[in-house]
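Structure first, commentary second.
The values are calculated or read from the model by the stated rules, or taken from the named source; none is laboratory data. The structure presented is a predicted model; accordingly, all values stated were derived computationally and were not measured. Quick reminder, even Gly has a Cβ in these numbers, built from the backbone with ideal geometry, and neighbours come from all protein chains shown. SASA here: full protein model, heavy atoms, side chains in, ligands and nucleic acids out. Shrake-Rupley method; radii C 1.70, N 1.55, O 1.52, S 1.80 Å.
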Amino acid sequence: PGELHLGQNYPNPFNAQTRIPFRLMESSHVTITVHDITGREVARVIDEPYPAGRHSIRFDALSLASGVYVYRIAASGTSQTRSMVLIR
């Protein structure tokens, strides 16, 4: 838990774009994916190495319908998930 922290997206709920904050205690390959409520991956936001520190990435959901989505980060051999609400 001390090696990775996935923050709540903001704004939430959101319309079209939101930011997803995360913190790494060590450099790592980071993957952030977004899933619909059935568990199907609908977007791969990032899939690349990141240095240690605080980061915030923009997620553009223009192609998605309104609803509840789950976003997941995987890095440093662990993962965390949170939910977000897209309102059109």
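Going through the stretch 65-78 one residue at a time, which ones are open to solvent by less than 50 Å² (accessible area, probe 1.4 Å), among the hydroxyl-bearing types (Ser, Thr, Tyr), in contact (Cβ under 8 Å) with a residue 40 or more places away in the chain and not in a loop (DSSP other than H, G, I, E, B)?
TYR71
Restricting attention to the stretch 27-41, does a residue exist that is touching a His at 6+ places or on another chain (Cβ under 9 Å) and without any contact (Cβ under 8 Å) to a residue 60 or more places away in the chain?
yes
Among the candidates SER66, SER79, single out the residue that is among the small types (Gly, Ala, Ser), modelled with pLDDT of 95 or more and within 14 Å of the chain's Cα centre (by Cα).
SER79
Taking into account only those residues within the stretch 15-34 that are under 14 Å from the mean Cα position of the chain (by Cα) and hydrophobic (A, V, I, L, M, F, W, C), which is surrounded by the most Cβ atoms within 10 Å (Cβ to Cβ)?
ILE20
Residues of the stretch 50-64 being open to solvent by 100 Å² or more (accessible area, probe 1.4 Å) and either in contact with a Ser or Thr (Cβ under 7 Å, 6 or more places away or on another chain) or assigned to a strand (DSSP E or B) (or both), which ones?
Listed by number, the residues that qualify are ARG54, ARG58.
Going by what's in this entry, would ILE57 be described as closer than 14 Å to SER79 by Cα and either in contact with a strand residue (DSSP E or B) (Cβ under 6 Å, 6 or more places away or on another chain) or not aliphatic (A, V, I, L, M) (or both)?
Criteria not met by ILE57.
Open to solvent by 40 Å² or more (accessible area, probe 1.4 Å), in contact with a strand residue (DSSP E or B) (Cβ under 7 Å, 6 or more places away or on another chain) and among the β-branched types (Val, Ile, Thr): is that true of ILE37 in this structure?
It is true that ILE37 is open to solvent by 40 Å² or more (accessible area, probe 1.4 Å), in contact with a strand residue (DSSP E or B) (Cβ under 7 Å, 6 or more places away or on another chain) and among the β-branched types (Val, Ile, Thr).
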